[in-house]
Amino acid sequence: MQSTGCNGVSWLRKCVLQAARRNYAASVNVTPAGSTGKEEQHLPPATPTKSLEKMRGWQMHSYGDIDELLLSDNLKTPQIRSSNECLVRVRTTAVNPIDLAMLRGYGATVLNKLRCQPGGGIEFPLTLGREFCGELVQKGMAVTSEALKLGARVWGVVPVHASPGAHAEYVAVPSYCLAPAPKLLDDSEAASVLYAGLTAWSGLYITGGLGGVCGATTSAGGGAHKRVLVLGGSGGVGTLAIQILKSQGAQVLATCSENAVEMVRGLGADFVVDYKNSEAMDELCKYAPYDIVLDCAGHGGAHAADLKFDYRQYITFSSPLLANIDQQGLGLGAIKNMVDLVQTNVKSLTQRGGLVKWGFFNPAPHGIAFLQQLVRQRKLTPLIDSSFGFEDMPKAFERMKCGHLRGKIVVKL
């Protein structure tokens, strides 16, 4: 038994020494004596990987004008905070009207309460950006969708209250805000669809009930033989709204600037008029009443009763909801919102026989699925007004500030 124990100790000592030689040899890149080196041939070479701890991104530290935007290369990369979140490396993003409005402080009272963690009250710094196309690099354990694989090319949106947004190298979003990017679209096109597309879809199908219950709760769409007038048909939301409606068999009329009439007609609109031409605008009366008048031009609900034709619904994306709360506070602002909605509807019903409603962006998964389906069927193609490099983000905001867009503004990283 004594001999056996000694042999065991000797064998163990020999194994330890051999392992030490192999580790030392690997550190100095030589082959240990007595070894052929074949035991290492299947190991992959050690290659350095880029740290995800820091990233580049645009921030604002106070509300104001475009000069408040600051580029930093030392921002902390967003962390996945829940099991249903995903981290995406952004390739292309976009600038939307909501970004410019939030830069100026729009919705600060409500949105800051939503974005701050319990016990915290830190409002700044903020990173804007509501949509993107990029590469999925991390995901939470509850993200089990086969479509969302690591390394997949994806498109997605950032909820309005969430920060940081997509104007950075990385963004973290809930998995329901994410889907595989359509192969028919390049990165710039894919980054130009979801925010404006989901805004138009939500206004038509959730607020407007265009497709009934199925249209609001599934990706079924609907709206055949309905007559819809799109005010502001050449902008980001308007161009997609027209294509959505035509894909569903609706009759579409639209207004825009004179120099955009042919472009909007090319999207499929059945009748297009220059909104500055009073005689042409009078022609719209011949098609009334409209099932929906969709305000994509920012007129607001007060404009509804001033129209010369009847409608069943007037849906605007320029509601006073957040602005009233910003100005009056939560309590008085909520009362002001109720008063405004009642007053505009009384006037609208009395003069035009229809209701005024407020439409909002909604990051619904079935809305994303609906837009994906239209892209696959080649019934929806985003229009790009202009494209900028990441370092030129302020120029993209300047273009948004100038207005009269012909599609979306994209920013490439």
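The values are calculated or read from the model by the stated rules, or taken from the named source; none is laboratory data. Note that the coordinates shown come from a computational prediction; the quantities given were computed from them, not determined experimentally. Because the Cβ atoms are built from the backbone with ideal geometry, glycine has one as well, and the counts that use them run over all protein chains shown.
Going by what's in this entry, would Thr77 be described as among the hydroxyl-bearing types (Ser, Thr, Tyr), in contact with a strand residue (DSSP E or B) (Cβ under 6 Å, 6 or more places away or on another chain) and either at pLDDT below 90 or over 30 Å from Gly238 (Cβ atoms) (or both)? The answer is yes for Thr77. What do you reckon, is Gln328 outside the structural domain of Pro174 (by TED's automatic domain parsing), touching a helix residue (DSSP H, G or I) at 6+ places or on another chain (Cβ under 6 Å) and assigned to a helix (DSSP H, G or I)? Considered against the rule, which asks whether it is outside the structural domain of Pro174 (by TED's automatic domain parsing), touching a helix residue (DSSP H, G or I) at 6+ places or on another chain (Cβ under 6 Å) and assigned to a helix (DSSP H, G or I), Gln328 comes out as yes.
Residues are listed down the side, and each one gets a yes or a no for (1) without any contact (Cβ under 8 Å) to a residue 12 or more places away in the chain; (2) surrounded by 17 or more Cβ atoms within 10 Å (Cβ to Cβ); (3) out of contact with any strand residue (DSSP E or B) (no Cβ under 7 Å at 6 or more places or on another chain):
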site	(1), (2), (3)
Thr344	no, yes, no
Lys347	no, no, yes
Leu374	no, yes, yes
Asp392	no, no, yes
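For region 305-318, residues that are out of contact with any helix residue (DSSP H, G or I) (no Cβ under 7 Å at 6 or more places or on another chain) and under 26 Å from Gly105 (Cβ atoms) total 1. Which residue out of Val252, Val272 is free of Cβ contacts under 8 Å to residues at least 60 places away in the same chain, within 27 Å of the chain's Cα centre (by Cα), under 25 Å from Asn96 (Cβ atoms) and outside any loop (DSSP other than H, G, I, E, B)? Testing whether each residue is free of Cβ contacts under 8 Å to residues at least 60 places away in the same chain, within 27 Å of the chain's Cα centre (by Cα), under 25 Å from Asn96 (Cβ atoms) and outside any loop (DSSP other than H, G, I, E, B) leaves just Val252. Within region 293-325, the set of residues being assigned to a helix (DSSP H, G or I), touching a Ser or Thr at 6+ places or on another chain (Cβ under 9 Å) and aliphatic (A, V, I, L, M) comprises Ala302, Ala304, Ala305, Leu322, Ile325. Of the residues Thr144, Thr109, Thr92, the single one that is among the polar types (S, T, N, Q) and touching a Ser or Thr at 6+ places or on another chain (Cβ under 8 Å) is Thr92.
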